Amino acid sequence: MEIRQPYPPGAPHDRGPGYEQRDANVAGLVQFAFWMAVVLAVTLVGMKYTFDYFKRVQPLGATTSPMVSETEQTLPPAPRLQAQPHFDLAEFCAAQEASVNAYSWINQQAGIVHIPVDRAMDLILERGLPSRPASEAPGGTLPAVAAPPIIAGGMDVQGPCGYLNEHPVPQAPMGKNE
């Protein structure tokens, strides 16, 4: 049976006891602990004065009791953060779409009705726009002609709700260059 030596051949056999033979520097550790306590104390005092300063400059008002219901609490001033902006936009666009495509009374006594935009355009095409006779026009003026709006890229602009509607985007045909 072979016995292995803990040291390689030719190495000195006395490498020491294998543990720290001197004590830790107690004076150095105490000095480090003291200065660490001083830094912490200065930081805490500085934070206290900083928070007191902020409390004086920008008071938050009375604290709200957790027993107060959510309906009684006041909302912060606008603009408020939106937790789910896409859903808020979809809700806004649905309300706009319902408003544009619905019939409703504006003033029932005067007989003023809100009609859908598509129906109003059809009525304008059928009946035309009301105009005054040329004899009532101010002298020396020409009729005003409105220029059609110029839209970059020739695309239909629908506002913030346009991307919610599914409209195919025309693509250039792919083929050989001529």
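If you filter the stretch 96-110 down to residues that are in a loop (DSSP other than H, G, I, E, B) and touching a strand residue (DSSP E or B) at 6+ places or on another chain (Cβ under 9 Å), you find that the one that is nearest to C161 (Cα to Cα) is A102.
Consider R22 carefully, then state whether it is charged (D, E, K, R) and within 25 Å of C161 (Cα to Cα). Against the criterion (charged (D, E, K, R) and within 25 Å of C161 (Cα to Cα)), R22 does not qualify.
Close contacts from the stretch 116-133, counting a first residue that is closer than 15 Å to Y103 by Cα and a second that is among the polar types (S, T, N, Q) and not in a helix (DSSP H, G or I), with Cβ to Cβ under 8 Å and a gap of 6+ residues or different chains, come to P116/N101; V117/N101; D118/N101. Right, A27: loosely packed, with under 10 Cβ neighbours inside 10 Å, small (G, A, S) and at pLDDT 90 or above or not? Taking the combined requirement at face value, the residue satisfies it.
A quick yes/no check of all residues on (1) modelled with pLDDT of 85 or more; (2) more than 30 Å from C161 (Cα to Cα); (3) not in a helix (DSSP H, G or I):
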site: L40; (1), (2), (3): yes, yes, no
site: L44; (1), (2), (3): yes, yes, no
site: P59; (1), (2), (3): no, yes, yes
site: L75; (1), (2), (3): no, no, yes
site: A94; (1), (2), (3): yes, no, no
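The values are calculated or read from the model by the stated rules, or taken from the named source; none is laboratory data. Predicted model only: the values in this text are computed from it and were never measured. Counting neighbours? That spans all protein chains shown, and the Cβs are built from the backbone with ideal geometry, glycine included.
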